[in-house]
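The values are calculated or read from the model by the stated rules, or taken from the named source; none is laboratory data. Given the structure is predicted, the values throughout are model-derived calculations rather than measurements. Neighbour counts run over all protein chains shown; Cβ positions are idealised from the backbone, glycine included.
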């Protein structure tokens, strides 16, 4: 039996500290609401000349949304978390420069957009493909977060994501509206989770006295 890694616990505590205030869920939830609005717009302009413009905007919406999440998360931490419980320096990932990472992110977003464009036009006997595919994908992401951070609420978000996606697959809304409803539901769930976590954090860690 191998000896436990002495660095594992400090590393896990550092990961947990990133999620201690709920700011990540609030930012991610806003991104999901933005995606929900995007797919609702897709439905509204479907069949018009604007449809191609909106299709091409998915990559831009995705990248700007991620930048917004990162900015909002860091602002909340700088103004709320670090003054109360201290600042943790997180190791920057080595490898590609920031510009190349953004290009890689754009390529991934473009691939996702292409997959969505193919699948969103298909349904099988009243079964819309994209809501369960998206719900299970995000459930997997939340499951990985829960496993890495040992934060139980991410398991609940994973279960909610999977159930919401599977439920909307049979709602008969069509892929665009079902995706919009899914992102709205998971976005509101994330924001609620983040706000409840933030309220609990503020109660346990009052503002320091000047």
Among the residues of segment 100-110, are any at pLDDT below 70, surrounded by fewer than 19 Cβ atoms within 10 Å (Cβ to Cβ) and within 16 Å of residue 32 (Cα to Cα)?
yes
What do you reckon, is residue 187 in a helix (DSSP H, G or I) and within 16 Å of residue 23 (Cβ to Cβ)?
yes
Residue match in segment 131-144 (condition: surrounded by fewer than 17 Cβ atoms within 10 Å (Cβ to Cβ), modelled with pLDDT under 80, touching a helix residue (DSSP H, G or I) at 6+ places or on another chain (Cβ under 6 Å) and in a helix (DSSP H, G or I))
no
Can you spot a residue in segment 162-179 that is within 18 Å of the chain's Cα centre (by Cα), part of a helix (DSSP H, G or I) and within 25 Å of residue 20 (Cα to Cα)?
yes
Restricting segment 145-158 to residues that are surrounded by fewer than 17 Cβ atoms within 10 Å (Cβ to Cβ), in contact with a helix residue (DSSP H, G or I) (Cβ under 7 Å, 6 or more places away or on another chain) and part of a helix (DSSP H, G or I), the one modelled with the lowest pLDDT turns out to be 148
Tally of residues being surrounded by fewer than 14 Cβ atoms within 10 Å (Cβ to Cβ), over 28 Å from residue 202 (Cα atoms) and modelled with pLDDT under 75 across segment 54-91
1
Checking residue 123 against (1) farther than 26 Å from residue 79 by Cβ; (2) surrounded by 14 or more Cβ atoms within 10 Å (Cβ to Cβ); (3) modelled with pLDDT of 80 or more: exactly one of these is not met. Which one?
(3)
